[in-house]
Structures are given as C-alpha cells and as structure tokens.
1. Taking interchain pairs and intrachain pairs at least six residues apart, which have beta carbon atoms under 6 angstrom, with the first residue in the range 170-188 and in contact (Cβ under 8 Å) with a residue 12 or more places away in the chain and the second among the polar types (S, T, N, Q)?
2. Look at ALA216 and say whether it is modelled with pLDDT under 95 and more than 23 Å from ALA160 (Cα to Cα).
3. Would you confirm whether any residue within the range 214-223 is outside any loop (DSSP other than H, G, I, E, B), at positive phi, within 16 Å of the ligand (Cβ to nearest atom) and open to solvent by less than 50 Å² (accessible area, probe 1.4 Å)?
4. Considering only the range 189-213, state which residues are in a loop (DSSP other than H, G, I, E, B), open to solvent by 20 Å² or more (accessible area, probe 1.4 Å) and more than 16 Å from the ligand (Cβ to nearest atom).
5. Of (1) more than 26 Å from LEU82 (Cβ to Cβ); (2) part of a helix (DSSP H, G or I); (3) within 16 Å of the ligand (Cβ to nearest atom); (4) open to solvent by 30 Å² or more (accessible area, probe 1.4 Å), VAL265 satisfies all except one. Which?
6. Looking at the range 19-30, I want the residues that are under 18 Å from ALA52 (Cβ atoms) and open to solvent by 20 Å² or more (accessible area, probe 1.4 Å) and have a partner that is of a type outside the set (A, V, I, L, M, F, W, C) and modelled with pLDDT under 95 with Cβ atoms under 6 Å, at least 6 apart or on another chain. Which pairs are those?
7. Tally up the residues in the range 224-236 that are out of contact with any helix residue (DSSP H, G or I) (no Cβ under 8 Å at 6 or more places or on another chain) and near the ligand (Cβ under 9 Å from one of its atoms), please.
8. Mind listing whichever residues of the range 124-141 are β-branched (Val, Ile, Thr) and either modelled with pLDDT of 95 or more or within 30 Å of PRO228 (Cα to Cα) (or both)?
Amino acid sequence: MNHERAPGPPWSGQAPTVSDLMAQARRTGVDRLDAQLLLARLLQQPRAWLIAHDDHALEPALAQDFMAQLAERARGVPLAYLLGEREFHGLMLRVTPDVLVPRPDTEVLVDWALELLAGHDHDLPLADHRTPPTVADLGTGSGAIALALKHAWPTALVCAVERSPAALAVAHANGQRLGLPVQWLQGDWFVPLAGRRFDLIVSNPPYIDGADAHLAALHAEPIAALTPGPDGLAALRVLARDAPPHLQSGGWLLLEHGHDQGAAVRSLLHAAGLERVQTRRDLGGQERCTAGRHGPA
Ligand code: GLN
C-alpha cells in the first residue's frame, strides 16, 4: 500500500512564528490584510502588534486554528464570518452565516433615510420635532439598517421585520449589545405590521436574479437574503405593491436594488401611486436605491 501523506507546513516539528504563518497565508492566496486581521484576533492583539512581533512563536493549536481559517477564507468564506463581526455605519455588528454581511453600499440607503428624517427636502419634513418619526426596516438580517437609524436618530421609533428566526436572533442580540431599542418582529414583509403606518419604510431585500453568475461568489451567505428566486424583482414588487397602506401621508418608501434594476423599481413605485420617485447611486456609481413618497390622502 502506498500511503501518500499531504505535505505538512514548512515549519513542521517546531512552533511556527508569526512570519511563518504570514508566509503560509501568502501561499494560500489570502489577502495580506485579511490574514493579519485573522491572526491578530486569534492572538487577541491589535494588528500593529504582529508587525513588531514577527518572530513570536504560536501555540500549535492556535496555529492550527489559523490554518483552518485561512483555508475557509481561501474558499470564499467572508472575512466578516471568520471574525464574527463587521462595522456598518459606525456600529460594530456581530454577524454569523445566518445573516447577509452588511455592505458599504447600504450605508448610502441609511444616509438617504437620515436625510428624509431630517426633512432635507423642506417639503414635508418627516420629523417635525414634536412627534417622533416611525420607521420600519423590512428584511433586517443582522439589524444593520434598523440599528444604524436608531443610533443616528435616537428619538425615532424603529421596528424591524425578519422572516428568518435565526437572523432575527442575531439582530436582536446586536440591538441588546449596542443598547439600541428596536422592536423586532418575525414574519414575512408587511405581515407582522398589519394596521400600522410609518413615516419611513426601508428595505434591502433579496434582489439578485436566481440565474445571475454573481451568486456563486456569494455561496457562504444565506441564499434567501440574496435572491428571491428566478425573478430578481419578486421581493421588490411585493414591497412596492404593499407599502402604500403602511405609509403615513407624506411618508417615504426607500428600497435598495440591483445596479440594473433602477428603471424597473421606479416603475414599480409609480405603479404603486408613489410620488417624487428618484434614484441614487452607490459608492461605485451604480444606481442602487430608489425612493418614492406617499402623497397626501
Ligand atoms: N448587494 C449585494 C451583492 O450584490 C446583494 C444584497 C441583496 O441582494 N440585497 O453582493
């Protein structure tokens, strides 16, 4: 019998140093910064410490954990899952594979929502300083949007809806850890909001077409958070159609969507009877968010 053994790492037999492990990271093709962040976290040190301690020898168990994390990163597991956290709009959020990793592009939606709350359009300010504005975030995932809004606008009454109980548990725990009171509701889109109206409804729903090749690169994230199925507009269609009876007069619906869905989402909002329909671009210059206002009754 011929037992071929997988070659061990080049330091086998002795405790690997920080510099050995970083060389190994280079061989696996993992981004240097990602590798440093993973190693720093395992060692419970700031990243800068690594640079000054190149020759620090690691416990074999810790080195093995690092190698396992490198392998996962190399096969496309997001860094945020391996670190267990991701910063979003100034908040550090815990993230697990039950939730979509919050994206910087979604901060554009948060900033726009805050402008609407501040009444930047000077037409029908949502927040008139007497009654706190009411906000709903549909499909909240990690709670990123709801928590960023509550943090930036503490008087707002924010409620967040999520269909996945596992994701909702992550959002709820994020709210508790950050000390941000949000009403967390489990259910499908507007179902848990029966009879309620809001000044602002926001959502980053699944919008990637089920046949889009881009999905393969996102294999580690929850598929239900990424795609509604074969028709990328399915969730956006439900949100636009069902929003008006849940909007106060003068209230806004604000949706994130795919870079090529701007025109379609504008049509959906017009068809739902919303006014002043407009689109904004993301950090990469792509059409990413569209909003419309529920006119006075
Ligand atoms: N913006 C994400 C991406 O393309 C998708 C998020 C979503 O479907 N809501 O990576």
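1. That search, which allows pairs on different chains as well, returns VAL170/THR96; VAL170/SER142; ALA171/THR140; ALA171/SER142.
2. So ALA216 passes the test.
3. The answer is no, given that none of the residues of the range 214-223 is outside any loop (DSSP other than H, G, I, E, B), at positive phi, within 16 Å of the ligand (Cβ to nearest atom) and open to solvent by less than 50 Å² (accessible area, probe 1.4 Å).
4. The answer is ALA194, GLY195, ARG196, ARG197.
5. In the conditions (1) more than 26 Å from LEU82 (Cβ to Cβ); (2) part of a helix (DSSP H, G or I); (3) within 16 Å of the ligand (Cβ to nearest atom); (4) open to solvent by 30 Å² or more (accessible area, probe 1.4 Å), VAL265 misses (4) alone.
6. SER19/ASP54
7. Looking only at that region, the number is 2.
8. Those that are β-branched (Val, Ile, Thr) and either modelled with pLDDT of 95 or more or within 30 Å of PRO228 (Cα to Cα) (or both): THR134, VAL135, THR140.
The values are calculated or read from the model by the stated rules, or taken from the named source; none is laboratory data. Just so it is clear, the structure is predicted and the values come from calculations on it, not from any experiment. For neighbour counting, all protein chains shown are included, and Cβ atoms are generated from backbone atoms with ideal geometry for every residue, glycine included. Each accessible area value is taken on the protein alone, full model and side chains, heavy atoms only, with ligands, DNA and RNA left out. Shrake-Rupley method; radii C 1.70, N 1.55, O 1.52, S 1.80 Å.
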